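Encoded as structure tokens, the structure appears first; notes follow it.
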Amino acid sequence: QEIMSKFPDWCNFCLSCVNNFVYSQHQVNFAAEPDKIGNPNDTISKINTMWFVRQRPGEYNPAHIHTNCRVSAIAYLKTPKQQVRGRKDHYEADGKVTFMNNTGTDWSFANAQCSFEPKPGDMYLFGALQHHMVWPYRSADPNDERVSISFNADVTTKSALEKSKKEHEMMYEHMKKMKESEVKDDKSADVSDINKSG
């Protein structure tokens with residue numbers, strides 16, 4: 001909340017990115033069902049949490065997903081300036097961010113994982129259940145930092161919110177009527193019967 005209150009322009013930019021990501025994904029996922037793509041102006045997003053990640057050489061984030069949200073993001077603010085070459089020439093992973101396990105079964109046209117070398121200013125948006133990790137790195141400077149800011153967001157639509165609101169109002173009215181009916185039919189509280197003998 002503190003980040004969001006201090007940097008409203010940044011948060012508005014993040015929300016705009018989430019909306020664009022969701023609409024772009026829907027265009028791909030529902031290409032055969034255009035009615036499900038929806039209207040980009042109907043999308044509403046909300047940032048649930050936002051935090052900084054500050055790491056030094058040797059530190060990393062293991063493979064994980066994000067829960068209780070729909071979309072997640074990583075934006076890199078600073079990357080190591082004196083990072084040394086990785087130990088494996090055939091698999092250059094040091095310091096990279098890797099996304100994995102969300103792919104098709106056809107290896108000819110799908111990639112089980114993809115890795116990117118982050119640069120300051122890079123931003124990655126992805127579905128919150130997408131497995132991802134950030135590899136450790138080595139540097140000539142023990143204080144050579146990697147700094148990023150991440151956030152989790154929820155997404156819905158104006159029409160879905162309106163439908164939910166109507167359903168809740170109907171449920172409230174129904175429960176209210178049931179309660180009134182229970183009180184009306186309850187004879188146990190009739191004071192006229194008190195102290196009457198048989």
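The values are calculated or read from the model by the stated rules, or taken from the named source; none is laboratory data. These numbers were taken from a predicted model, which means no experiment stands behind them. Ideal geometry is used to build each Cβ from the backbone, glycine not excepted, and the neighbour counts take in all protein chains shown. Quick note on the areas: whole protein, heavy atoms, side chains included, nothing else; ligands and nucleic acids left out. Shrake-Rupley method; radii C 1.70, N 1.55, O 1.52, S 1.80 Å.
Okay, here's what the table says:
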{"read-out": "Boolean, residue 108 is over 22 Å from residue 10 (Cβ atoms), open to solvent by 50 Å² or more (accessible area, probe 1.4 Å) and either without any contact (Cβ under 8 Å) to a residue 60 or more places away in the chain or touching a helix residue (DSSP H, G or I) at 6+ places or on another chain (Cβ under 6 Å) (or both)", "value": "yes"}
{"read-out": "So residue 155, is it at pLDDT 95 or above and within 30 Å of the chain's Cα centre (by Cα)", "value": "no"}
{"read-out": "One residue from 88, 81 being assigned to a loop (DSSP other than H, G, I, E, B), surrounded by 10 or more Cβ atoms within 10 Å (Cβ to Cβ), over 21 Å from the mean Cα position of the chain (by Cα) and of a type outside the set (Gly, Ala, Ser)", "value": "81"}
{"read-out": "Criterion: in a loop (DSSP other than H, G, I, E, B), surrounded by 14 or more Cβ atoms within 10 Å (Cβ to Cβ) and without any contact (Cβ under 8 Å) to a residue 60 or more places away in the chain - qualifying residue of 118, 136", "value": "118"}
{"read-out": "Yes/no for residue 42 being under 30 Å from residue 162 (Cβ atoms) and in contact with a Lys or Arg (Cβ under 6 Å, 6 or more places away or on another chain)", "value": "yes"}
{"read-out": "Every residue from region 10-21 that is farther than 20 Å from residue 130 by Cβ and either outside any helix (DSSP H, G or I) or open to solvent by less than 40 Å² (accessible area, probe 1.4 Å) (or both)", "value": "11"}
{"read-out": "Criterion: more than 30 Å from residue 160 (Cβ to Cβ), assigned to a loop (DSSP other than H, G, I, E, B) and hydrophobic (A, V, I, L, M, F, W, C) - qualifying residue of 63, 93", "value": "93"}
{"read-out": "Evaluation of residue 45 against (1) at pLDDT below 95; (2) open to solvent by less than 90 Å² (accessible area, probe 1.4 Å); (3) farther than 17 Å from residue 69 by Cα (one fails), failing number", "value": "(3)"}
{"read-out": "Every residue from region 120-147 that is touching a Phe, Trp or Tyr at 6+ places or on another chain (Cβ under 8 Å) and farther than 11 Å from residue 95 by Cβ", "value": "120, 121, 122, 123, 124, 125, 126, 130, 131, 132, 133, 147"}
{"read-out": "Single condition residue 162 does not satisfy, out of (1) free of Cβ contacts under 8 Å to residues at least 24 places away in the same chain; (2) open to solvent by 60 Å² or more (accessible area, probe 1.4 Å); (3) over 24 Å from residue 43 (Cα atoms); (4) not in a loop (DSSP other than H, G, I, E, B)", "value": "(3)"}
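Residue-wise test of (1) surrounded by 13 or more Cβ atoms within 10 Å (Cβ to Cβ); (2) free of Cβ contacts under 8 Å to residues at least 40 places away in the same chain.
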position: 8; (1), (2): no, yes
position: 23; (1), (2): yes, yes
position: 35; (1), (2): no, yes
position: 41; (1), (2): no, yes
position: 55; (1), (2): yes, no
position: 60; (1), (2): yes, no
